[in-house]
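The values are calculated or read from the model by the stated rules, or taken from the named source; none is laboratory data. Bear in mind the structure is a predicted one, so any value in this text is a computation, not a measurement. No Cβ is skipped: glycine too gets one built from the backbone with ideal geometry, and neighbour counts run over all protein chains shown.
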Amino acid sequence: MKPVVGATPRVVKSEQEWREQLSPDEYAVLRQAGTERPFTGEYTDEKTTGVYQCRACGAELFRSETKFDSHCGWPSFYDPADTDAVLLREDTTMGMRRIEVLCKSCHSHLGHVFEGEGYATPTDQRYCINSISLKLVPES
């Protein structure tokens, strides 16, 4: 995984420690910037009220009230839990320019953010996040 310029993660582990903690599929997405197949993730159509945490480190990333149905095949949110939850960096892989979303706490790959797609959200943004990058903690 390429380093994030000018940012130091709060959670630091060796790649071997990440491999021991995460399943092979989780590692491929979170630590190698992979993508799960669309419409296969456990949270794509989830409606439970709660907090979505980083599956790697447990940091709070998104809240269910900002989740919306984009019908894109991955969970979509219009805003992170707070301004300190995620990092954004340019991603020019796959022959296109996108903005990658990373967990600010551990720098794990979450997905990408898109703007100007016409969704009726307060921010006009769609944080397109891999389910496998998240862990939902339901409200009690």
Self-check item: Which listed residue, of SER108, SER70, is in contact with a Lys or Arg (Cβ under 8 Å, 6 or more places away or on another chain), surrounded by 20 or more Cβ atoms within 10 Å (Cβ to Cβ) and within 24 Å of VAL137 (Cβ to Cβ)
Solution: SER108
Quiz prompt | Selection status of ARG63, basic (Lys, Arg) and either more than 12 Å from the chain's Cα centre (by Cα) or over 24 Å from TYR27 (Cβ atoms) (or both) | solution = yes
Quiz item: Is one or more of the residues making up segment 13-21 under 14 Å from HIS107 (Cα atoms), free of Cβ contacts under 8 Å to residues at least 60 places away in the same chain, loosely packed, with under 14 Cβ neighbours inside 10 Å and more than 15 Å from the chain's Cα centre (by Cα)?
Solution: yes
Quiz item: Consider ASP82 against the criteria (1) exposed (fewer than 15 other Cβ atoms within 10 Å of the Cβ); (2) farther than 15 Å from TYR127 by Cβ; (3) not basic (Lys, Arg): it satisfies all of them except one. Which criterion is unmet?
Solution: (2)
Quiz prompt | Positions within segment 15-63 being in a helix (DSSP H, G or I) and either in contact with a strand residue (DSSP E or B) (Cβ under 9 Å, 6 or more places away or on another chain) or under 20 Å from ARG126 (Cβ atoms) (or both), in sequence order | solution = VAL29, LEU30
Self-check item: Any hit, segment 8-23, residues being at pLDDT below 95 and within 16 Å of HIS112 (Cβ to Cβ)
Solution: no
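Residue-by-condition table, conditions (1) among the charged types (D, E, K, R); (2) within 30 Å of SER140 (Cα to Cα):
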{"position": "ARG10", "(1), (2)": "yes, yes"}
{"position": "TYR27", "(1), (2)": "no, yes"}
{"position": "ARG37", "(1), (2)": "yes, no"}
{"position": "GLN53", "(1), (2)": "no, yes"}
{"position": "GLY58", "(1), (2)": "no, yes"}
{"position": "GLU65", "(1), (2)": "yes, yes"}
{"position": "ALA85", "(1), (2)": "no, yes"}
Exercise. Determine which single condition PRO38 fails, assuming it passes every other condition in (1) more than 30 Å from GLU20 (Cα to Cα); (2) modelled with pLDDT of 95 or more; (3) out of contact with any helix residue (DSSP H, G or I) (no Cβ under 9 Å at 6 or more places or on another chain).
Key: (1)
Practice problem: For residues that are modelled with pLDDT under 95 and in contact with a Ser or Thr (Cβ under 9 Å, 6 or more places away or on another chain), tally how many sit in segment 87-113. | Solution: 1
Practice problem: Tell me the strands (runs of 3 or more DSSP E) entirely within segment 64-136 that contain at least 3 residues that are under 21 Å from PHE39 (Cα atoms). | Solution: 98-103, 109-115, 125-129
